[in-house]
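Participant: First, the structure itself, so that you have it in front of you.
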Amino acid sequence: MSLQVAFSGVLIFFVSFYCDYGYAKIAPDYIHPCNDTSRECLIKATQDAVPEFVKGSPKLGVQLLDPFTIEKLSIPLNGLTFTFYQGKVSGFRNAIVDDVVSDLEKRHFILAFHCNLTIKGTYDAKGRILLFPIDGAGDAKIKLTNLRMKVDIKTKYVKDKQGLNHFSVKSYKYSFDYGDRVSFEITNLFKQSEELSKTVLAFLNDNWKLVAEEFGKPIVDYAVDLAIRTIEKFFLVVPYEELINVPIPKF
Ligand SMILES: *[C@@H]1O[C@H](CO)[C@@H](O)[C@H](O)[C@H]1NC(C)=O
Ligand SMILES: *[C@@H]1O[C@H](CO)[C@@H](O)[C@H](O)[C@H]1NC(C)=O
């Protein structure tokens, strides 16, 4: 063995040692930690992370968010039960981050964004919507254009078993508006009549705001709850110090 080969071997050993132990970073590469809590940096860092974060990561226990599937969701309305099956929700990857505020001391985090979402699945419905008696089952596709959302999270800090610090979610609330338009493509609202199905569907689309307000909230609640639980899991895996380069407040 020549000296050179031996030297390379030692070098490789040290390089891999350094990589394995010196850089035992848990955060994925798409996390670009800010060195301060300026809106400017936080918005950019969040925007950088969104398209990758929503792809999920089995290694980190983070589930796929775009698309995600709502297996079954019953929406009880006045006199109508609408049940969604295998509703596939897509579009979060293209979310545009409008604002991020993080007050580390006050344990307060705000995220505002807008996005276009599509929900596609099958449904059945029985009862009435507005004036119309409904008895249908078929395909349903709902498109939301520029849905705007603001999530307001109360955070806390926790230490894990290894003594590493983490963000955690104490509670949250959110507000949203349906944005520019919600459109519905729903087949077979009336099993008896295709004509009537088309007429009512046109009516629903003309009155999308009213309809969305009547039956959109459970779907949005579901999506936000899933997103928050996913973010929470991520926080419990990735240490605070890998998310932001600002000393953690006393806790
Ligand atoms: C934070 O500071 C480090 C070291 O100076 C730098 O490499 C990194 O780009 C900074 N991060 C941001 C988001 O500006
Ligand atoms: C949503 O779709 C509309 C119309 O197609 C488009 O103008 C808008 O830029 C999209 N918004 C986002 C956040 O992608």
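Participant: With respect to Ile219, is the statement that it is hydrophobic (A, V, I, L, M, F, W, C) and not in a helix (DSSP H, G or I) true?
Facilitator: When the stated conditions are applied, Ile219 does not pass them.
Participant: Another question, then. Say whether the condition of being free of Cβ contacts under 8 Å to residues at least 40 places away in the same chain and either open to solvent by less than 30 Å² (accessible area, probe 1.4 Å) or of a type in the set (Lys, Arg) (or both) is met by at least one residue in the range 123-131.
Facilitator: no
Participant: Of the residues Tyr123, Tyr172, which is modelled with pLDDT of 95 or more, within 20 Å of Lys88 (Cα to Cα) and away from ligand 2 (no atom under 16 Å from the Cβ)?
Facilitator: None of the others qualify; the one that does is Tyr123.
Participant: Please find, within the range 52-70, the residue that is nearest to the chain's Cα centre (by Cα) out of those that are over 18 Å from Leu117 (Cβ atoms) and at pLDDT below 95. So that I can check it myself, show each step before the final result.
Facilitator: First, pick out the residues of the range 52-70 that are over 18 Å from Leu117 (Cβ atoms): 52, 57-62.
Going one step further and asking which of them are at pLDDT below 95, we end up with 57-62.
Values: Ser57: 14, Pro58: 16, Lys59: 18, Leu60: 16, Gly61: 15, Val62: 11 Å.
Restricting to residues being over 18 Å from Leu117 (Cβ atoms) and at pLDDT below 95, the top hit is Val62.
Participant: Pairs please, first residue from the range 31-56 and open to solvent by less than 30 Å² (accessible area, probe 1.4 Å), second anywhere and among the hydroxyl-bearing types (Ser, Thr, Tyr) and more than 16 Å from ligand 2 (Cβ to nearest atom), Cβ atoms under 6 Å, 6+ apart in sequence or on different chains.
Facilitator: Close Cβ pairs satisfying both conditions: Leu42/Ser102; Ala49/Tyr30.
Participant: In the range 143-181, how many residues are more than 17 Å from Glu214 (Cα to Cα), of a type in the set (Gly, Ala, Ser) and over 17 Å from the mean Cα position of the chain (by Cα)?
Facilitator: Qualifying residue count for the region: 1.
Participant: Go through the range 94-116 residue by residue and tally those that are more than 10 Å from ligand 2 (Cβ to nearest atom) and not in a strand (DSSP E or B).
Facilitator: Residues flagged as more than 10 Å from ligand 2 (Cβ to nearest atom) and not in a strand (DSSP E or B) within the range 94-116 amount to 4.
Participant: Now, a different point. Inspect the range 161-178 for any residue being open to solvent by 70 Å² or more (accessible area, probe 1.4 Å), outside any loop (DSSP other than H, G, I, E, B) and over 29 Å from Val101 (Cα atoms) and give the result as yes or no.
Facilitator: For the range 161-178, residues open to solvent by 70 Å² or more (accessible area, probe 1.4 Å), outside any loop (DSSP other than H, G, I, E, B) and over 29 Å from Val101 (Cα atoms): absent.
Participant: Now for a different question. Can you confirm whether Ala49 is small (Gly, Ala, Ser), under 16 Å from the mean Cα position of the chain (by Cα) and more than 16 Å from ligand 2 (Cβ to nearest atom)? Don't jump to the end; show me each part of the working.
Facilitator: On the way: small (Gly, Ala, Ser): yes; under 16 Å from the mean Cα position of the chain (by Cα): yes; more than 16 Å from ligand 2 (Cβ to nearest atom): yes.
Judged against the criteria, Ala49 is a match.
Participant: Any residue in the range 182-190 that is closer than 21 Å to Ile119 by Cβ and either within 16 Å of the chain's Cα centre (by Cα) or among the aromatic types (Phe, Trp, Tyr) (or both)?
Facilitator: Yes; the residues of the range 182-190 include at least one that is closer than 21 Å to Ile119 by Cβ and either within 16 Å of the chain's Cα centre (by Cα) or among the aromatic types (Phe, Trp, Tyr) (or both).
Participant: Another question about this same structure. Can you confirm whether the range 190-211 contains a residue that is at pLDDT 95 or above, among the acidic types (Asp, Glu) and within 27 Å of Lys88 (Cβ to Cβ)?
Facilitator: Within the range 190-211, one or more residues are at pLDDT 95 or above, among the acidic types (Asp, Glu) and within 27 Å of Lys88 (Cβ to Cβ).
The values are calculated or read from the model by the stated rules, or taken from the named source; none is laboratory data. Fair warning: this is a prediction, and the values are worked out from it, not measured in the lab. So basically every Cβ, Gly included, is an ideal-geometry build from the backbone, and we count neighbours across all protein chains shown. Heavy atoms of the whole protein, side chains included, go into the accessibility calculation; ligands, DNA and RNA do not. Shrake-Rupley method; radii C 1.70, N 1.55, O 1.52, S 1.80 Å.
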